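I have placed the structure first, in the form of structure tokens, so that the comments after it can refer back to it.
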Amino acid sequence: MNVPGRYAQALFLLLLTPGVSPGQEVRGPVMGLVVEADGHRIRPILGVPGAAVAGPVLKIPDALTVAAVSPLGNYALMRSAADGSAALLDPTGKIHQLPQAPAGAHRVVLSPEGMAAAFYSAPDHTLGVISGLPDNPSALTSISLASVSGDLHQIALSDDGLLVLAAGSATDAGADAVVLSRSGQQNRITYSGP
């Protein structure tokens, strides 16, 4: 057995392998994000299925609360308590402002893959839609939901943000739902009965 030869091989392989410089962080895969019960702390889920742990709490300003977490776990939408503005938090803890989002939204709903978001403002009864999340957010439209009777109960939207379903709360008389398209076309659906 040639021990010096083995050391030379190991040293050669070590020199060919990219190293980690001081101050550089080594991270494994991030599977998603989890919000703690208070809505102010969020942690990345580190690892792979079967071998995952909750990572350290991401540092976010106290004035921000979690509004929604992407179904894919690749970002969270945050809301400012001070002015109602929206921001996007990525899994590394970096915060990106979202000036395209309407301020003061009372409710935030994400599409199935998290590529679009709807921001509902109860006093105005309006819905602002943003698509292109998380990398290229762009404001699509602002929609009046005045035609939906009662309190808004459910919101759903497509991943491209071009189709929105908004349903009012059910009463003894039934419920109303409105299907909206980007072209502004509104189709009202009325359900009779409770």
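Kindly state which strands (runs of 3 or more DSSP E) lie completely within the range 62-122 and contain at least 1 residues that are open to solvent by 40 Å² or more (accessible area, probe 1.4 Å).
Once the strands (runs of 3 or more DSSP E) in the range 62-122 are filtered for at least 1 residues that are open to solvent by 40 Å² or more (accessible area, probe 1.4 Å), what remains is 64-69, 76-80, 95-97, 107-110.
Identify all residues within the range 126-148 that are surrounded by fewer than 19 Cβ atoms within 10 Å (Cβ to Cβ) and more than 22 Å from the chain's Cα centre (by Cα); write none if there are none.
Result: Ser144, Ala146, Ser147.
Select from the range 42-61 the residues that are in a strand (DSSP E or B) and β-branched (Val, Ile, Thr) and write down the one among them that is least open to solvent (accessible area, probe 1.4 Å).
For the range 42-61, the residue satisfying everything is Ile42.
State all residues of the range 67-83 that are over 9 Å from the mean Cα position of the chain (by Cα) and either at pLDDT below 85 or of a type outside the set (Asp, Glu) (or both); if no residue qualifies, say none.
Scanning the range 67-83 gives Arg79, Ser80, Ala81, Ala82.
Among the residues of the range 168-179, is any under 25 Å from Leu88 (Cα atoms), in a strand (DSSP E or B) and either at pLDDT 75 or above or not acidic (Asp, Glu) (or both)?
Checked the range 168-179: no residue is under 25 Å from Leu88 (Cα atoms), in a strand (DSSP E or B) and either at pLDDT 75 or above or not acidic (Asp, Glu) (or both).
Select from the range 125-156 the residues that are part of a loop (DSSP other than H, G, I, E, B) and in contact (Cβ under 8 Å) with a residue 12 or more places away in the chain and list them in ascending order.
Once the filter is applied, which keeps residues that are part of a loop (DSSP other than H, G, I, E, B) and in contact (Cβ under 8 Å) with a residue 12 or more places away in the chain, the range 125-156 yields His125, Gly132, Leu133, Pro134, Pro137, Leu145, Ala146, Ser147, Val148, Ser149, Gly150, Asp151.
Conditions first: (1) assigned to a strand (DSSP E or B); (2) within 11 Å of the chain's Cα centre (by Cα); (3) not charged (D, E, K, R). Met31 passes all but one, so which condition is the exception?
(2)
The values are calculated or read from the model by the stated rules, or taken from the named source; none is laboratory data. Computed from a predicted structure; not experimentally measured. Every residue, glycine among them, receives a Cβ derived from its backbone with ideal geometry; neighbour counts consider all protein chains shown. All accessible areas refer to the heavy atoms of the entire protein, side chains included, with ligands and DNA or RNA removed. Shrake-Rupley method; radii C 1.70, N 1.55, O 1.52, S 1.80 Å.
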